[in-house]
Amino acid sequence: MLKKTVVLGYDAVSSLGTDMETQWRRAVAGSSGIGELTRISPGRDFPVRVAGQVEDVDVKPYPFLQPREMAHWTSPIFKYALLVVHRALARSGVEITPDIAPRVAVTFSSAVGGLDAILKADRQIIAENKMPHPFANPNSCINMVGGKVSILTGATGPISATITACATGVTSMIVGDMMLKLNLADVVIAGAVDFPLVAPILAGFATMNGAYRPKEGQPHESPETTSRPFSLNRRGFVVSEGAGCIILATDEFAHAHGLSAHIEMRGSAMTSDASHFVAPNLPTVQRCVEEAIRNAGLKPQDISAVNAHATSTKIGDKVEADALCNVFGKNVPPVSANKSQMGHAMGASSAIETIFTMEGMLKDTLLPTINYEPDPAIALDCVAHKARKQVQEFVLKNAFGFGGCNSCIILRRVV
C-alpha cells in the first residue's frame with residue numbers, strides 16, 4: 001500500500017505581502033498587489049510599466065540573512081527562498097536533526113533563477129571591462145537555490161531542480177510526492193522562487209505578446225486593473241515576484257513525530273503538449289486534469305473547486321476553460337484565479353497559489369477573481385470580485401508552463 005503524502009506547513013511571500021496573515025487578509029478583501037514598475041528604471045518607451053513587486057523584508061530576526069552571510073548571494077531569489085523555507089519548517093514542527101537529515105529531500109526550485117546576477121556581470125564587462133564577481137555564476141546556476149536550501153536546513157536526502165517553467169512550483173510537489181512514495185525520503189522541502197523583474201526578461205515577454213500592455217494608442221490603465229484572467233478584456237500577464245515553500249511528509253512520519261496534518265496531496269498528473277513552444281494544447285492539458293482526478297481515485301463530481309493557472313492570455317485562458325468544461329461538463333466547480341490579485345510570479349506562482357488554495361480549504365473560503373468581465377466564450381463561475389464561503393474537500397490545482405509542461409494536483413482537506 002502506497003504511503004499518503006501530507007502537508008505539514010507552508011509559507012509564502014508575494015506582491016500581496018511578506019507574511020501569511022497580511023497576504024490572506026488582502027486576498028480575501030479582493031485587493032491587488034500590482035502596481036507601477038519600480039524595481040528597475042525603464043525608459044519612457046519601455047513596453048512594460050506594471051508589475052507585482054515584493055516588499056523588502058526586515059532581516060534582523062534571521063541570522064542566515066544578515067549582510068555578511070548574504071554578501072555573495074546578490075540575486076533576491078536566495079534571500080526570499082531561504083526566508084520562506086525557514087518559516088515553513090518552523091510552522092511544520094519538523095526539526096531536521098542529524099538522524100532525520102538523510103531522509104529529507106529538497107525539490108525547491110526556480111524557473112528563471114538568478115539571471116539578474118549574470119546580466120549585471122555582462123554589463124560590467126561591457127561598461128567597465130571589469131571581470132565578474134566569483135559568485136556571479138553560482139548566483140545564476142538555476143539549481144543553486146535548492147543547494148542553498150539544503151545548506152540552510154542540513155537536509156542531505158535527494159535533491160532535484162524541477163524546472164518546468166511556470167509549472168515549477170506544482171511540479172516540485174509532484175516530484176516530492178514521488179520521492180516519498182518510492183521511500184527515498186520521509187520529508188520533502190518543495191516550492192519555488194522567482195524574481196524576474198529584469199529589463200530584458202520583461203521586454204522579451206512584451207515582444208512575444210505575453211506581458212500586459214494597453215491597446216495601441218490607448219493610455220495606460222490603473223496597475224491594479226491590468227491582471228484579468230478569463231476576462232473578455234484580458235491583455236496578457238503581469239510579471240511578478242514571489243516565493244512559496246510547502247513541507248511534505250509521509251503520513252507515517254507525521255504520526256510518528258506527533259505532527260498534525262490537515263491537507264493531503266491526494267493525486268497528481270503531468271503531461272507534455274508536444275505541440276507549440278508556448279501555446280497550450282487542449283487535448284494534453286485536458287488529459288492532465290483527467291489523469292490527476294483519476295490518480296486521486298476520484299470522479300469529476302467529487303471536486304469542490306478549481307485553482308486555475310489562468311495567466312490572462314487570450315489563448316491560454318481559453319484552452320484551460322475548454323479543458324475544464326470538457327472534463328466537468330455543465331458542472332464545472334467554482335474557479336479562482338489568484339494571478340488577478342498577485343500577477344504571474346513565473347515558477348513560484350503555482351507554489352504560492354497552492355498555498356492560498358490550502359489556506360482557503362482550511363478556512364472554507366474561495367478567493368476571488370478580481371477585474372473580471374465575463375467572456376461569452378468562457379463558461380465558468382470565476383468567483384467574481386468577492387471571496388465566497390464554501391466547504392471544500394477536494395480541490396484541483398492547475399499549472400502549465402512554456403514548453404508544454406502541464407502539472408495538476410488534487411488536494412484533500414483531512415477532517
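The values are calculated or read from the model by the stated rules, or taken from the named source; none is laboratory data. Here the structure is a predicted model, which means the values were calculated and not measured. A quick note on method: Cβ atoms are made from the backbone with ideal geometry, for glycine too, and the neighbour counts reach across all protein chains shown.
Quick test for you: out of Ala249, Ala206, Ala190, Ala243, pick the one residue that is assigned by TED's automatic domain parsing to the domain that holds Glu55, over 18 Å from Val104 (Cβ atoms), at pLDDT 95 or above and of a type in the set (A, V, I, L, M, F, W, C).
Ala243 is the lone residue from the list that is assigned by TED's automatic domain parsing to the domain that holds Glu55, over 18 Å from Val104 (Cβ atoms), at pLDDT 95 or above and of a type in the set (A, V, I, L, M, F, W, C).
Tell me, which residue of region 26-61 that is hydrophobic (A, V, I, L, M, F, W, C) and not in a loop (DSSP other than H, G, I, E, B) is surrounded by the fewest Cβ atoms within 10 Å (Cβ to Cβ)?
For region 26-61, the residue satisfying everything is Val28.
Anything in region 206-230 that is out of contact with any Gly (no Cβ under 8 Å at 6 or more places or on another chain) and not in a loop (DSSP other than H, G, I, E, B)? List them, or say none.
Of everything in region 206-230, those that are out of contact with any Gly (no Cβ under 8 Å at 6 or more places or on another chain) and not in a loop (DSSP other than H, G, I, E, B) turn out to be Ala206, Thr207, Thr225.
Residues checked against (1) in contact with a Ser or Thr (Cβ under 8 Å, 6 or more places away or on another chain); (2) closer than 20 Å to Tyr10 by Cα; (3) surrounded by fewer than 23 Cβ atoms within 10 Å (Cβ to Cβ); (4) in the same structural domain as Val112 (by TED's automatic domain parsing):
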| position | (1), (2), (3), (4) |
| --- | --- |
| Gly297 | no, no, yes, no |
| Asn307 | yes, yes, no, no |
| Ser312 | yes, no, no, no |
| Lys318 | no, no, yes, no |
| Leu324 | no, no, no, no |
| Lys330 | no, no, yes, no |
| His344 | yes, yes, no, no |
| Ile355 | no, yes, no, no |
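Check Arg213 against each of (1) in contact with a Lys or Arg (Cβ under 8 Å, 6 or more places away or on another chain); (2) modelled with pLDDT of 95 or more and name the one condition it does not meet.
(2)
Which of the residues that make up region 231-249 are in a strand (DSSP E or B) and either within 19 Å of the chain's Cα centre (by Cα) or more than 15 Å from Gly9 (Cβ to Cβ) (or both)?
Correct list: Phe237, Val239, Ser240, Gly242, Ala243, Gly244, Cys245, Ile246, Ile247, Leu248.
Go through region 206-255 and give me each residue that's out of contact with any strand residue (DSSP E or B) (no Cβ under 9 Å at 6 or more places or on another chain) and under 30 Å from Lys4 (Cβ atoms).
Selection gives Glu252, His255.
Could you tell me whether any residue of region 105-118 is in a helix (DSSP H, G or I), surrounded by 17 or more Cβ atoms within 10 Å (Cβ to Cβ) and in contact with a Leu (Cβ under 9 Å, 6 or more places away or on another chain)?
Scanning region 105-118, I find at least one residue that is in a helix (DSSP H, G or I), surrounded by 17 or more Cβ atoms within 10 Å (Cβ to Cβ) and in contact with a Leu (Cβ under 9 Å, 6 or more places away or on another chain), so the answer is yes.
May I ask you to list the residues in region 1-48 that are farther than 30 Å from Asn295 by Cα and of a type in the set (Val, Ile, Thr)?
Val13, Thr18, Thr22, Val28, Ile34, Thr38, Ile40, Val48 - these are the residues of region 1-48 that are farther than 30 Å from Asn295 by Cα and of a type in the set (Val, Ile, Thr).
Could you list, ordered by first residue, the pairs with Cβ atoms under 7 Å in which the first is in region 66-88 and surrounded by fewer than 17 Cβ atoms within 10 Å (Cβ to Cβ) and the second is among the charged types (D, E, K, R) and not in a loop (DSSP other than H, G, I, E, B), at least 6 apart or interchain?
Filtered contacts from region 66-88: Met70/Lys79.
Might you let me know whether region 144-152 holds any residue that is in contact with a helix residue (DSSP H, G or I) (Cβ under 8 Å, 6 or more places away or on another chain) and of a type in the set (Ser, Thr, Tyr)?
No, because not a single residue in region 144-152 is in contact with a helix residue (DSSP H, G or I) (Cβ under 8 Å, 6 or more places away or on another chain) and of a type in the set (Ser, Thr, Tyr).
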